[in-house]
Amino acid sequence: MDEIKITSGYDGLKLPFSAEAEQSVLGAILLDSQCLDRIIEILPIADYFYLANHKLIYATMLEMFTLGRPIDFVTVLDNLKKDGEFDEANAKTYLLQLAQIVPSIKNASTYAYIVRDNYNVRTLITTARDIIEDASSGAGDAATLLDSAEQKIFDIRQGKNMQGLQRINETIIETFDRLDRLNSDENQLYQGVPTGIKDLDETISGLNRSDLILLAARPGMGKTRFALNIARHIAVKEKKRVAFFSLEMTKEQLTSRLLSTEAMVAGMKLRTGKLGDDEWIRLIEAGDILSRSEIYFDDTPGITVSEMKAKLRRLKNVDLVVVDYLQLMSGGKRIENRVQEVSVITRNLKIMAKEVNVPVVTLSQLSRASEQRTDHRPLLSDLRDSGSIEQDADIVIFLYRNDYYKDGDNVDEESDRNSGECIIAKNRHGETRSVPLHWQGEFMRFTAKEAKRLEF
C-alpha cells in the first residue's frame with residue numbers, strides 16, 4: 001500500500017512531535033465522530049498538528065463539524081477532493097490507514113493531549129529562539145526584553161498564541177451566555193465593579209473589565225483621594241482585589257489617607273500624631289478592617305506598562321487597577337516628543353486592560369486652559385499631553401470643585417464649599433452627565449450627593 005507523502009509545517013527544524021498520536025486522533029474521529037466533541041476542547045484549531053497533511057485533514061473535520069455535517073471516511077474524502085489539496089487515490093489510501101492505525105477509540109482524548117503537549121513544547125522552543133534573537137540584536141533595554149520574554153512564555157501557558165479570527169456565530173453564543181449570567185441569581189459576579197457612588201455606577205454600569213477609565217483633574221482637586229475612595233469601597237465593601245500603582249505618593253502616605261477615611265480621623269492628626277483615646281480606638285479598628293482587605297500598593301517611580309503587566313500577572317485575579325498618575329509614567333523607550341510618549345503609554349494601558357481583563361483607572365493631570373476660562377469646568381481639550389488619551393479611554397471622568405478657584409477674599413458664604421462634581425465627559429457605554437459629590441476634606445473623602453441631573 002502506497003503511503004501519502006508526509007510534510008511538516010516546520011521544514012528544516014527538528015522539533016518534537018508524535019506522528020502516531022496525530023494519526024490516532026484523526027483515525028478515531030473517522031471511526032467515531034462523536035469523540036470530536038471531546039477532542040475539540042483539547043485541540044480547538046488545526047495548528048496544533050505538526051504534519052501539514054494532518055493539519056489539513058483536521059481543519060476539514062472542524063469545518064464540517066461547524067456546519068453540522070456528518071464526519072466519516074466517505075464525507076471527509078469528498079471534502080478533501082473538493083479542496084484539491086490531496087490526490088484522490090493517495091487521500092483514499094491514507095484515510096484508510098488512519099482508520100486502521102487507531103489502537104483504541106476510548107483513548108482518543110489521551111492521544112489529543114499528546115498532540116497538544118508536543119505543540120506546546122515546539123512553541124516553547126521557537127519562542128526561546130525568538131527571545132535569544134531579540135536579546136542578541138541589542139534592541140531595547142534589559143527591562144523591556146525581560147518583560148517581552150515573560151509575556152511570550154505567559155501567552156504559551158494561556159494559549160493566547162492560538163487566537164485567530166472568530167466567526168460571529170461564536171461571539172453571539174458568548175454574548176447570550178453573558179446575558180444569561182447577568183439575569184441569574186449570581187449576577188453581581190458578572191456586572192461591573194461598583195464604585196460606591198450610585199449615580200456614577202448607574203451611568204457607566206460600574207467599572208467594567210477591559211475598560212480604560214481616565215480620571216482627570218487639576219492638581220489639588222482630589223483625584224488621588226477620589227481614586228482611593230473607590231479602591232477602598234471595592235476592596236472593603238465588595239471584597240475584591242485592587243492593585244494601586246502610585247508614582248507620586250509613597251505606600252505609607254496612601255495607607256495614612258485610607259486610615260483617615262476609614263476611621264473618620266482628620267488627616268492632620270495622623271500627620272502630627274496628636275490623637276485622642278477615642279481616635280486611637282477608631283484607628284485600630286480601621287487598621288484591622290483594612291488589613292483584611294486585598295489592596296496592594298506599588299510605589300515604583302517611573303514604572304512602565306510592561307512592568308505593571310508583569311506584576312499583575314504574578315498577583316493574579318485582580319478586579320481593579322489604579323494608576324496614579326499618567327504623566328509620571330515612563331514609556332520604556334527614548335521618545336523625544338512627550339506627547340507621543342504619553343500616547344504610546346495610554347495605548348499600552350488600554351492593551352493591558354484588555355489582555356489582563358481588568359478595569360484600569362488611570363489618573364491624569366489637566367492643562368491650565370480651564371483656569372483661563374470664566375467657567376472653569378474642564379473639557380476634553382484640557383487633557384494634558386493629550387495625544388491619544390481621549391481616543392484610547394473608554395470613559396473620561398473629570399473632578400471639579402468650584403471652591404478650588406475661590407480665594408479667601410472672594411468666598412461666597414452662602415455657597416456650599418464642600419460641593420463637587422464628577423463630570424462624565426466621555427462614556428462609550430452610555431450617556432454623559434455630571435454626578436454631584438460631597439467633599440469631606442478633613443477626612444479626605446468624597447461621598448455621593450443627591451442633586452438635579454445635568455446633561456452635557
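Throughout, read-outs are computed from the coordinates displayed, never taken from laboratory work. Keep in mind it's a predicted model, so treat the numbers as computed, not measured. Ideal geometry is used to build each Cβ from the backbone, glycine not excepted, and the neighbour counts take in all protein chains shown.
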Whole Å is fine, so just give me how far the alpha carbon centre of region 251-280 lies from that of region 337-367. 32
Long-range amide H contacts for Ala216: which residues qualify at under 5 Å (H placed 1.01 Å from N, peptide plane, sequence gap of 5 or more or a different chain)? Ser364, Ile397, Phe398, Leu399
Search the structure for amide H atoms under 5 Å from the amide H of Leu207, placed 1.01 Å from N in the peptide plane, and list their residues when 5 or more places away or on another chain. Val193, Thr195
Output wanted: per-residue J couplings in Hz (rounded whole) for region 226-239, from phi through Karplus 6.51 cos²θ - 1.76 cosθ + 1.60, θ = phi - 60°, x for Gly and Pro. 4, 5, 5, 4, 5, 4, 4, 4, 5, 7, 7, 7, 8, 6
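Which of Ile114, Ile153, Ile397 has the fewest other C-beta atoms within 10 Å, and how do the rest follow up to the most?
Values: Ile114 19, Ile153 15, Ile397 25.
Fewest-to-most Cβ neighbours within 10 Å comes out as Ile153, Ile114, Ile397.
Compare the peptides 212-219, 294-301 by average per-residue count of other Cβ atoms within 10 angstrom and give them in order, highest first. Could you put the intermediate results ahead of the total?
Values: 212-219: 23.5, 294-301: 16.2.
Put in order of decreasing packing, that is 212-219, 294-301.
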Holding the Cα-Cα limit at 29 Å, pick out from Lys251/Lys350; Lys237/Lys354; Lys14/Lys350; Lys237/Lys269; Lys198/Lys239; Lys237/Lys426 the pairs that are longer than that. Lys14/Lys350
Centroid-to-centroid separation of region 193-231 and region 44-66 [C-alpha atoms, Å]: 46
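So, by mean Cβ neighbours within 10 angstrom, what's the order for 356-365, 271-280, 88-97 with the highest one leading?
Values: 356-365: 22.6, 271-280: 10.6, 88-97: 16.6.
Result, highest mean first: 356-365, 88-97, 271-280.
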Taking square-rooted eigenvalues a ≥ b ≥ c of the alpha carbon gyration tensor, is region 13-114 rounded, prolate or oblate, where a/c under 1.5 means rounded and, failing that, a/b exceeding b/c means prolate? rounded
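Would you please give the FRET efficiency between Ala369 and Thr126, computed as 1/(1 + (r/R0)^6) with r the Cβ-Cβ distance and R0 = 51 Å, to the nearest 0.05? Spell out each step's value before the answer.
Working: r = 51 Å, r/R0 = 0.99.
Computed FRET efficiency for Ala369 and Thr126: 0.50.
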